[in-house]
Structure formats: C-alpha cells, structure tokens
Amino acid sequence: MITLLRALLFFTLFSSSVYAQTSGPLIDPESAAILDRVKAFYTWVLSNSRSVMPLEPRIKNVKGNARFYLDVSTLNAFSTAFMRSGDFSDDFPSKLEKYYDHYKKEFSGYSQKKFAQIKKDGRGPLMETEDMDIFFCAQEYEYAQPFVDQMKLADIKISGKTAAATVVSPYNWKTEFQLKKIGPRWLISGYCQYK
C-alpha cells in the first residue's frame, strides 16, 4: 500500500512539473503542446517583429491622383519570415495570400468617384491590419516575455490532427488560433485575421 501511495505521489509531482509551463490549471499533453506552440510564436515575435513588420503589404497612394492600391510586392518575403520561425504549417502562406488578395481586389474595384470621396473625407484604416499589431491582434505598444509567459488557454477543440484554440492574454484579450498536427508537432495554420 505504501509503495502504491509513493507511486501516486511521484506521478502527481511529475505531472505538475510537466504542466507548470501552461501557467494555469493542469491540462492534457496535447493542449499543453498547443499552448507551448503559441507561446513559442509570440517569443519569436518579441525578437523579430521589427524586421518582419516592414514586410507587410501596405496601401500606397498613386501620385497625382486620388487613387491608391495595395502593394503586395513584399508578400513573399513577409510570408517567408513567418515560415522561418518554425511555428507555422505549410498552408499558412495561403492564408496570408488570401487575406491580402481580398483587399487588393476590393481596392482595385473602387470607382474614381469612391476614391475622390475617400480623399475628401480622409482615409482611415481600410484593413484590420492597419489598425492593430498584426501579431498580437491588438493595439498595445509594448510586449515583453512576462506578457507571453502568462498567456493561457481559454478554450480548445481538438479534432484528430486539427485544433482550434482560444488563447487569452494577461489583459484578457482573446486570440483564435487554428493548428495542424504534422508528425509529432502542432503547427499554426492560421490566427486572428489570417484564417
């Protein structure tokens, strides 16, 4: 009986140390791996956002005209930067392309009258990404490792080799992530506006 109690105590202590990294109640190994992947991405963001952010496609004005367009000439470099993090699945670049292609088509379909009206009224943000941090999907200015370390899972649905996870920050912002299991690893296939 004492041996059984010792084994149970050892298992409980071992389990607690394995899952302590989740900064919340004990969760199953798959959920812990998914949260770890999201935190790894955000840790990468802290080191790389300044070099990646300028690669994001941007709206450019046409000189001498009220027209503007979405310049996607940096999209491949932008996409490649995400992929080099090692946190994303192979289908993630298509999510980036889909997002920016939608707006490229929308803007190219504007009439001269609409461009003139926008010029008269002033142009506010026309894409979600113009009014937010594209990584944290929010409008804060400074992030640091303790902010990332305190992120928790608010909700998770795992279905075979795909998962949908809602991650909540210390500020109680919720961000949706889609993930795919490739071999033993969970990789991000979409998040926030890139779905």
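Could you state the accessible area per residue of segment 33-90 in Å², with a 1.4 Å probe and every protein chain left in place?
Values: 2930 Å² over 58 residues.
The answer is 51 Å² per residue.
Based solely on its DSSP helices, what 222 nm [θ] is calculated for the chain when runs of n ≥ 4 H residues each add -39,500 (n - 2.57) and the sum is averaged over all residues, nearest 500 deg cm²/dmol?
Values: 6 runs with 84 residues, N = 195.
It lands at -14000 deg cm²/dmol.
Once the whole set of protein chains is in place, how much accessible area is left on Leu70, using a 1.4 Å probe, in Å² to the nearest 10?
We get 10 Å² for Leu70.
Which of Lys104/Lys181; Lys95/Lys119; Lys39/Lys181; Lys39/Lys174 have a Cα-Cα distance over 21 Å? The partial results should precede the final answer.
Numbers: Lys104/Lys181 31 Å; Lys95/Lys119 30 Å; Lys39/Lys181 16 Å; Lys39/Lys174 14 Å.
As for pairs spanning more than 21 Å Cα to Cα, those are Lys104/Lys181; Lys95/Lys119.
Keeping the other protein chains in place, figure out the carbon and sulfur percent of the accessible area of the chain, with a 1.4 Å probe. Working shown, then result.
On the way: 6420 of 11560 Å².
Ligands and nucleic acids excluded, carbon and sulfur reach 56 percent.
When the dipole is taken about the Cα centre of segment 77-155, and only Lys, Arg (+1) and Asp, Glu (-1) are charged at their Cβ, what size is it in debye, to the nearest 20? Provide the component values of the computation, followed by the final result.
Values: 11 positive and 15 negative charges, 145 e Å.
Dipole magnitude for segment 77-155 comes out near 700 debye.
How would Lys95, Lys63 rank on accessible area, largest to smallest, probe 1.4 Å?
Details: Lys95 40, Lys63 195 Å².
Descending order: Lys63, Lys95.
Ordering Asp91, Asp28 by accessible area with a probe of 1.4 Å, largest first, what comes out? The partial results should precede the final answer.
Values: Asp91 45, Asp28 75 Å².
Heavy-atom accessible area, descending, gives Asp28, Asp91.
Let me check the size of the chain from its C-alpha atoms; what are the radius of gyration and Dmax in Å?
Considering the chain through its Cα atoms, Rg and Dmax are 21.2, 86 Å.
What share of all Cα pairs of segment 118-195, in percent, falls into each consecutive 10 Å distance bin?
In order of increasing distance, the bins hold 16, 39, 28, 11, 4, 0 percent.
The values are calculated or read from the model by the stated rules, or taken from the named source; none is laboratory data. What you see is a predicted model, and the numbers here were worked out from it, not measured in a lab. Every residue, glycine as well, gets a Cβ built from its backbone with ideal geometry; the counts of neighbours run over all protein chains shown. Calculation scope for accessible area: heavy atoms of the full protein, side chains included, ligands and nucleic acids excluded. Shrake-Rupley method; radii C 1.70, N 1.55, O 1.52, S 1.80 Å.
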